Ligand code: 8YV
């Protein structure tokens, strides 16, 4: 393999340790230098040719501007809403991400959260541990099999969720920018209409300005008092204040949430709600999938610096 050891790479986020170790072995690696000592960063910034970051990381135009030698931003994640792609493109900086390798994992997590929120599995676990079973059975929960599932976003992961839901005998409908003629599911152009026709609403659409607060108070109202919301996309897609109010008032029945507006900070009012299942953005977080993401994120950097075609550039950079 060509010698890449004189290439300076900046990690813009805490990285998966095995990925970081590989970057450290291969490149001149600088761990989040832009967040620390300003003088040290100013010294290294002109030499940085690559940024490595995660799906939820922020790579704003202001950071890109401070890196005059930057050539590529490799995102370890499928979502790249935190990267200012327009600013990158304007400078000729390529942006890559890690699609496909995490489809199964995120779809599994969505189904897991749906089951946990409906069947109250985390609460059931607490019920046994706290000895409450001795005083009588737990309250009854909600059936999943055969229910109506609405999917907000019918991309690769949305389709993987739908495939799994079919095995539960669920009826599937979705909203997306446009109907996908090849799919046998009902399409709703409007998310309110989709919520009205759903018992479970699963959010798996890209984050960013275009989908900010797509799931708002009206959508939650339409989902209704027996409805359950699952979000495995980005916290920004759901109006979190409206969600908290809907959960507190019983406008919807419950939620399973893997992502939050200001993660890792989760509002106390959400934490206080027993019918909400919370997860710390673990959608893709298994050893096997994180390794596959690391291989692809690294593969993109290696391809760029050895003059090969990028493996998975974001659509804007193709
Ligand atoms: C993160 C994700 O990338 O793929 C995405 O878009 O949100 C996650 O898989 C992961 O947490 C590492 O940053």
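Taken together, the values in this text are just the output of simple stated rules run on the coordinates, not laboratory data. All figures in this text were calculated on a predicted structure; none of them were measured in a lab. Quick reminder, even Gly has a Cβ in these numbers, built from the backbone with ideal geometry, and neighbours come from all protein chains shown.
Odds and ends about this structure:
- Cα gyration tensor shape of region 193-269, rounded if a/c is under 1.5, else prolate or oblate by comparing a/b with b/c: oblate
- DSSP beta bridges in region 103-278 [antiparallel fraction, %, rounded to 5]: 5
- For region 287-302 versus region 124-184, the gap between their alpha-carbon centres in whole angstrom: 29
- Acute angle (nearest 10 degrees) that the helix 17-26 long axis makes with the longest principal axis of the chain, alpha-carbon atoms: 10
- Cα centroid of region 1-67 to Cα centroid of region 101-118, whole Å: 32
- Over the chain: helical MRE at 222 nm, DSSP H runs n ≥ 4 each giving -39500 (n - 2.57), nearest 500: -10000 deg cm²/dmol
- Equivalent-ellipsoid semi-axes of the chain, from the Cα gyration tensor, Å, largest first: 39, 21, 18
- Highest-first arrangement of 160-171, 266-277, where packing means the average Cβ count within 10 Å: 160-171, 266-277
- Equivalent ellipsoid dimensions for region 103-278 as semi-axes, Å, which come from the Cα gyration tensor, largest first: 26, 19, 14
- Of 185, 127, 19, the residue with the greatest mean-square motion in the GNM of the chain, using alpha carbon springs below 10 Å, is 127.
- Residue of 246, 233, 186 that the Gaussian network model of the chain assigns the largest fluctuation, springs spanning Cα pairs under 10 Å: 186
- Packing-based ranking, highest mean first, of 204-212, 217-225, 146-154 given that Cβ atoms within 10 Å are counted: 146-154, 217-225, 204-212
- Among beta bridges that DSSP assigns inside the chain, antiparallel share in %, nearest 5: 5
- The chain: most fluctuating residue of 26, 96, 175 per GNM, C-alpha cutoff 10 Å: 26
- Estimated distance in nm for a label pair at residue 218 and residue 273, the labels positioned 7 Å out from Cα along Cα-to-Cβ: 2.1
- One decimal place: the segment residue 100-residue 124 gains 5.3 nm when fully extended, by the rule 0.36 nm per residue minus the C-alpha distance.
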